[in-house]
Structures are given as structure tokens and as C-alpha cells.
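Taking it in order: structure first as C-alpha cells, then the write-up.
The values are calculated or read from the model by the stated rules, or taken from the named source; none is laboratory data. A quick note: this is a predicted structure, and the numbers were derived from the prediction, not measured. So basically every Cβ, Gly included, is an ideal-geometry build from the backbone, and we count neighbours across all protein chains shown. Just the protein is used for accessible areas: all its heavy atoms, side chains included, with ligands, DNA and RNA removed. Shrake-Rupley method; radii C 1.70, N 1.55, O 1.52, S 1.80 Å.
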Amino acid sequence: MITVEEALAQLFARVEKLGVETVPLANAAGRVLAETVSAKRDQPPFAASAMDGYAICSADYQVGATLEVLGESAAGARFDGIVKKGQAVRIFTGAPVPKGADWVVIQEDVDANKNQITIREVTETKPYIRPAGTDFTTGQSIDAPQILTPQLIALLASMNIAQVPVTKRPDVALISTGTELVMPGEMPGPDQIIASNTFGLKAMLEQMGAIVRLLPIAHDTLPALRTAFDLASGADLIVTIGGASVGDHDLVAGVAEELGVERAFYKVAMRPGKPLMAGRLGDAMMIGLPGNPVSAMVCGTIFVQPVLRAMLGLGKTAAAHHVATLSKDMPENGPRAHYMRAILENGEITPLDRQDSALLTVLSQANALLLRPIHDPARKAGEKVAFVPL
């Protein structure tokens, strides 16, 4: 067996960043920016009013000053004249500040009468004018790679960027194996169970932006597995679930090797999830996950998600580890790293009582994986421990 860290290193050595495609800005949310982009304009492109009021010369900002109102400047309809001393222009938020004006007096501080205003308060200390380029200037860049959040999409739009270079979405083929499995909604036989892992992994990987193909269940026969691998053709990542162990009905490794897989490793010193396999099959990465539901989901978090991030160009890094305070005493850990389902609340982490790798109810309650390293000594409540968020 190899360690989790060694397994990740071998996976990262084989993963390749996907290519770049250009998509409309309206379709770019959640995608990974693949190339640095630059603003095509200043924002604001002109000195703009930050309030509704009157654009004046700062020398006129005095109590009792009476000014002639020449016209108005609205958003999208500027005042083209020049403001001189003793003059004012009605102005609205976001409108261009007329030439000659260097102060906006807010409307609450003036008395308006037909074409005149009289300033009655001068308590403001700033002019309520946003200079041109206050937000950003032409050529200012957004660096890649990074995930395009709604906030970044709004920024790109204001930079007048209509087409965005993004990393291609990974094509992932999921293959559940096992004669004992049926799909949700079907009627299982007396010795069958519902395929659940595939659906959990599909949801997990789609959240990361992958295009996930849910292939038909492959029964425990060589022809069925060969057909499943044929259907996965064209995928960037093939994920098999079950059949990766060494029992008489665990056939995935043999079929994969028959098809030419370059196997990187087999078995990882972790629980849940020891029977894990990985390699390359032609142009695709391949990861063989264990069949136990919790094992598959935990390995999805620890191995598959980091591989997808690497494919998307987000770096070759392990799942983020955080630190919390342990809520209760724990015994010494054994020879495998243990990813314990746990509840994190107010900075304190509590491992759930039942850690059986078949219990999806326990996984559904957890929001963290408490990490016990190999041969981690006994821990006392109040100590700091590492965890991976779920």
C-alpha cells in the first residue's frame, strides 16, 4: 500500500490540463478563466456624480450662495456646456460631471426656486464626484486561472469583455460495476441493492463544472465491462465504482489492463477506501474507486476532486486541510489514515459514532472529514486536529 500523499503525487504526475475554449460571457459563470483578460475601457469612463444634486464650482460651496441653474445632466444624457462661478447644473447619480464643475452639492442641502438654488448647508467634506477610472482603467487585468464567480462576471461585463477564454469542461464517464446493482426506481431482486455511489459522485463532479456521463451498470462479466469501457470512449476521466478489489468477481483491474491501462498504483493506506486503483487508459485518466458507498464518496473528495481541479488548470493540490478543536477524547489511530465522518460546528469538530463505510446516513449528516494520520497518537478533547470540509 502507498500513502494518500504518494497516491496523489502519482495521479498529478499523469493528469494533463485541458484545452481552452471561448464562450459568451452569459455562459461563463462557474467556468475557469484560462487566460488573463484586460479591461477595454475605463470605469467610470468619465467623472461621474455619486449623488443626486447640483454640479457647481467648489468656490461657490458656501452658505447663502445663490446660483443660476443652466440645465441638467442625467445618466446617458450629459450637459454639454461649461459651468462657471455662480452657475449650477442639476445632476443625477451616475451622470457625467459637466466641464468646469468640481463639486456636487447634494439636493438635501439646497433650496431650489425655478432656475435658481440657494445653498443652506455646507457640512460635506468631499465633492461626491467619482473620478474617471476610479474602479478600473483600460488594460487592467483579471488574472487566470480562477473560477468565474457572479462578482467576476459582473466585472468582466463592465470591462466590456463579451467573450471569455475558459478551460474546457472535463468529460467524465462514471461506471458502476456489480451484478447486485439496479438503478433507483427499479425493483431490486432479493439479492440486489440500489446503485447510489454513482449519483452522489455525479452531483459532486458536476458541482465542479464537469460534464458527467452516467453509463449503464456493468455486471460482473468480462463482456459487460468491456462494453462499459467502450461507452466511456472520448472521456477525459473514467471513474469506475466497485470491482477494484481482488475477489473472484472483482474484474475491473483485469479488463483495464487488457485494454492497455498504465496502472499507477493499487491500494492506498487509508480508510475508508483502501482498494483504490488509478492509471491512464489512452488519452483518459482512470480512477477505480471502491464499491462501498462512503468509501467511494470519500475517495471522490480526496482523489477525484483534486484531479478535476488539475484538469481545469487550478493547480495540483490536495483537498484543503483546515484545523478545528476536537470535542472529545480519541484513541490511537492504526496503520491507515482515517477520514472520519464528523460534524463541525462553531470551530469544534465531533467525529460521528458510527464510521462503517456502508452507512450513507452517517455521511449525509457529516459536514467534515476529520483526518487521523497513520499511527496518530491518542488525542484529548481540546486538541487541534485537521479536517477536510465536505
Item to check | Selection within region 210-240 - crowded, with 21+ Cβ neighbours inside 10 Å and part of a strand (DSSP E or B) | outcome: V212, A218, L237, I238, V239, T240
Next on the checklist: Here is a list: V37, V83. Which entry is open to solvent by less than 30 Å² (accessible area, probe 1.4 Å), within 39 Å of the chain's Cα centre (by Cα) and not small (G, A, S)?
Outcome noted: V37
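One line per residue, one yes/no per condition, for (1) over 30 Å from T167 (Cβ atoms); (2) surrounded by 15 or more Cβ atoms within 10 Å (Cβ to Cβ); (3) of a type in the set (K, R); (4) modelled with pLDDT of 95 or more:
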position	(1), (2), (3), (4)
V89	yes, yes, no, yes
F92	yes, yes, no, yes
A95	yes, yes, no, yes
D102	yes, yes, no, yes
I117	yes, yes, no, yes
T123	yes, no, no, no
D143	no, no, no, yes
Checklist entry - What are the residues in region 200-209 that are charged (D, E, K, R) and open to solvent by 60 Å² or more (accessible area, probe 1.4 Å), if any? => result E206
Item to check | Among residues of region 170-198, those that are surrounded by fewer than 16 Cβ atoms within 10 Å (Cβ to Cβ) and within 21 Å of S364 (Cα to Cα), counted | outcome: 5
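For region 55-75, how many residues are within 16 Å of P44 (Cα to Cα) and loosely packed, with under 14 Cβ neighbours inside 10 Å?
Narrowing region 55-75 to residues within 16 Å of P44 (Cα to Cα): 73-75.
Among the residues that remain, those that are also loosely packed, with under 14 Cβ neighbours inside 10 Å are: 75.
Qualifying residue count for the region: 1.
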Checklist entry - Hey, among A368, A386, which residue is over 30 Å from E21 (Cα atoms) and surrounded by 20 or more Cβ atoms within 10 Å (Cβ to Cβ)? => result A368
Next on the checklist: With the structure loaded, tell me whether R78 is within 42 Å of the chain's Cα centre (by Cα), charged (D, E, K, R), modelled with pLDDT of 95 or more and open to solvent by 30 Å² or more (accessible area, probe 1.4 Å) or whether it fails that test.
Outcome noted: yes
Checklist entry - From the list D356, D376, which one is at pLDDT below 95, surrounded by fewer than 19 Cβ atoms within 10 Å (Cβ to Cβ) and among the acidic types (D, E)? => result D356
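Given the residues R280, R309, R263, which is the only one that is among the basic types (K, R), open to solvent by 10 Å² or more (accessible area, probe 1.4 Å), without any contact (Cβ under 8 Å) to a residue 60 or more places away in the chain and closer than 25 Å to R213 by Cα? Walk me through it before giving the result.
Details: R280 fails: without any contact (Cβ under 8 Å) to a residue 60 or more places away in the chain; R309 fails: without any contact (Cβ under 8 Å) to a residue 60 or more places away in the chain.
Exactly one of R280, R309, R263 is among the basic types (K, R), open to solvent by 10 Å² or more (accessible area, probe 1.4 Å), without any contact (Cβ under 8 Å) to a residue 60 or more places away in the chain and closer than 25 Å to R213 by Cα, namely R263.
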Checklist entry - Is it true that some residue in region 64-71 is over 30 Å from A284 (Cβ atoms) and charged (D, E, K, R)? => result yes
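Where in region 92-160 are there strands (runs of 3 or more DSSP E), lying wholly inside it, with at least 2 residues that are of a type in the set (A, V, I, L, M) and touching a helix residue (DSSP H, G or I) at 6+ places or on another chain (Cβ under 6 Å)? Don't jump to the end; show me each part of the working.
Working: elements: 103-106, 110-113, 116-119.
It comes to none.
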Checklist outcome for this item: P275 vs (1) more than 17 Å from the chain's Cα centre (by Cα); (2) open to solvent by 40 Å² or more (accessible area, probe 1.4 Å); (3) more than 14 Å from L363 (Cβ to Cβ): all pass except (2)
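State the number of residues belonging to region 141-176 that are under 30 Å from P216 (Cα atoms) and more than 14 Å from the chain's Cα centre (by Cα).
Here the count works out to 8.
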